[in-house]
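*Asks:* Next up is a structure, given as structure tokens.
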Amino acid sequence: MRTATRIVLSNEERSTLSAWARGRSVTVRLAQRARIIKMAADEVLSQDIAKELTISRPTVQLWRERFVALRLEGLEQDAPRPGRIPNIPDKKVYAVVEATLHTKPLNATHWSVRSMAQAQGISRMAVQRIWKQHNLKPHLIKTFKVSRDKRFVEKLYDVVGLYLNPPDKSLVLCVDEKTQIQALDRTQPGLPLKKDRRATMTYDYKRNGTTTLFATLSMLDGKVIGDCMPRHRHQEFIRFLKKIDTEVAKLDLHLIVDNYSTHKHPRVKSWLRRHPRFHLHFIPTSSSWLNLVERWFREITGKRIRRGSFRNVQDLVVAIKQYIENHNENPRVFVWTASVERILTKVAKSKEALGTLH
């Protein structure tokens with residue numbers, strides 16, 4: 001059996017250790033180390049010291065040996081760590097970065113740390129450090145769509161102008177439809193959230209029908225008017241316009257909408273002519289980000305729909321209406337801050353990047 005080296009303290013060392021052990025003006029770590037050495041000097045066994053101080057026996061042994069070798073000075077400094085991270089030559093770092101940016105593996109669409117490590121003859125941890133240093137994330141991808149609308153700039157000025165400088169005695173409303181919302185029900189009951197266990201739900205589901213949510217977001221107070229309908233035609237859009245007409249004060253209404261054909265149907269245009277306080281403003285094609293009601297759609301999807309379980313369409317509609325009611329009790333105003341010039345600068349950079357070979 002291994003026997004620990006006996007520790008004998010001088011009067012000065014014992015006095016210093018006693019002061020440290022009280023921990024009034026030293027770190028918690030140093031106070032703990034002082035208690036270890038004091039108990040060891042009193043011939044308390046290492047396993048009993050570990051039990052008393054709620055630490056591991058190897059920790060006790062480490063600081064006993066450090067004290068024997070370096071005395072008090074050894075307790076004031078942390079124990080040396082394992083060897084330093086190996087230095088990768090600049091040439092190899094450059095090779096990894098170039099390969100990540102300009103090549104692909106033969107059997108995959110992108111590099112992984114293991115495939116890159118194998119190709120470059122280094123460890124996967126080295127690849128991770130290089131990618132982190134150069135902010136490279138080949139496993140991630142972002143989607144994009146640059147609008148090809150010939151009237152892009154004109155429509156952009158129109159919509160952003162409504163956000164940043166709305167007309168007097170009028171109300172700006174963002175209007176859109178969230179189509180084909182599925183009433184999904186899980187095939188088996190899941191387990192609730194519990195300590196040390198996340199909530200569970202089956203990966204498969206039953207489709208119980210769909211509904212379309214028509215919604216308008218007020219830029220003044222953040223309140224939402226919503227209605228669920230089975231279909232998505234000009235008849236339903238006119239019905240929703242009538243709902244807005246009934247519920248919103250008699251002000252001029254500027255509605256920001258997308259280019260879906262329903263919004264431009266002859267009967268819709270006829271209805272708008274009979275209701276001159278309604279003014280439709282169309283966002284550019286492929287620019288749904290310009291309609292702030294889409295931001296609210298993300299909220300209801302993430303908070304109420306995606307993880308919900310609905311036995312039928314009626315359950316789904318009830319859940320959506322309850323969410324809208326709760327939202328309107330304490331509405332959140334979405335504030336548009338980007339100027340036209342800032343947006344056009346980003347669009348120009350995107351087009352320049354698309355026209356350049358990577």
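Any read-out appearing in this document is the output of simple, stated calculations on the displayed coordinates, not a laboratory observation. Bear in mind that the values here come from a model prediction, so they are computed numbers and not experimental data. Cβ sites come from the backbone with ideal geometry, for glycine too, and all protein chains shown count toward neighbours.
*Asks:* Please get the size of the charge dipole for region 11-76, origin at its Cα centre, with Cβ charges of +1 on Lys and Arg and -1 on Asp and Glu, quoted in debye to the nearest 20.
*Replies:* 240 debye
*Asks:* Considering the options TRP271, ALA249, ASN259, tell which one lies farthest towards the positive end of the dipole of region 233-297, charges being +1 on Lys and Arg and -1 on Asp and Glu at the Cβ, about the Cα centre.
*Replies:* Of the options given, the answer is TRP271.
*Asks:* Right, next: Suppose R0 equals 41 Å. What FRET efficiency, 1/(1 + (r/R0)^6) with r the Cβ-Cβ distance, do LEU220 and LYS150 give to the nearest 0.05?
*Replies:* Calculated transfer efficiency: 0.80.
*Asks:* Using a Förster radius of 30 Å, what is the FRET efficiency between GLU352 and ARG273 based on their Cβ-Cβ separation? Nearest 0.05, please.
*Replies:* Numbers: r = 43 Å, r/R0 = 1.44.
The calculated FRET efficiency here is 0.10.
*Asks:* Continuing with the same structure: Between LYS243 and LEU70, what length comes free when the chain is fully extended (0.36 nm per residue of separation minus the Cα-Cα distance, one decimal in nm)?
*Replies:* Taking LYS243 through LEU70 to full extension adds about 54.0 nm, to one decimal.
*Asks:* Loop only by DSSP, 16 or fewer other Cβ within 10 Å of the Cβ. Give me the GluC sites (Glu not before Pro) in region 22-69 that pass, ordered by residue number. Write out the running numbers ahead of the final one.
*Replies:* Details: sites: GLU43, GLU52, GLU65; in loops: GLU43.
Within region 22-69, the qualifying GluC sites (Glu not before Pro) (loop, at most 16 other Cβ atoms within 10 Å) are GLU43.
*Asks:* Work from the charge dipole of region 11-76 (Cβ charges, +1 for Lys and Arg, -1 for Asp and Glu, about the Cα centre) and give the residue of SER56, ASN11, SER25 farthest towards its positive end.
*Replies:* So the residue furthest toward the plus end is SER25.
*Asks:* Give a quick list of trypsin sites (Lys or Arg not before Pro) in region 1-60 that DSSP marks as loop, anything other than H, G, I, E or B, with at most 15 other Cβ atoms within 10 Å.
*Replies:* ARG2, ARG6, ARG24
*Asks:* Another one. Percent relative contact order of the chain, based on C-alpha pairs within less than 8 angstrom and at least six residues apart?
*Replies:* Numbers: 419 pairs, mean separation 51.3, N = 358.
In percent, rounded to a whole number, it is 14.
*Asks:* So if a site counts as exposed when it's one of the chymotrypsin sites (Phe, Trp or Tyr not before Pro), its DSSP state isn't H, G, I, E or B, and it has at most 11 other Cβ atoms within 10 Å, what's the longest stretch of the chain without one?
*Replies:* 204-358
*Asks:* Please compute the volume of the convex hull spanned by the alpha-carbon atoms of region 11-76 and report it per residue in Å³.
*Replies:* 77 Å³
*Asks:* Mean-square fluctuation check for the chain, GNM, Cα pairs under 10 Å: which of ALA183, ALA99, ALA34 is largest?
*Replies:* Largest GNM mean-square fluctuation: ALA34.
*Asks:* Here is a further query. Sum -39500 (n - 2.57) across every DSSP H segment of at least 4 residues in the chain, then divide by the residue count to get the 222 nm mean residue ellipticity, nearest 500.
*Replies:* Using -39500 (n - 2.57) per qualifying helix, the result is -13500 deg cm²/dmol.
*Asks:* Could you give me the percent of Cα pairs per 10 Å distance bin for region 90-133, shortest bin first, beginning at zero and ending with the bin that holds the maximum distance?
*Replies:* 30, 63, 7
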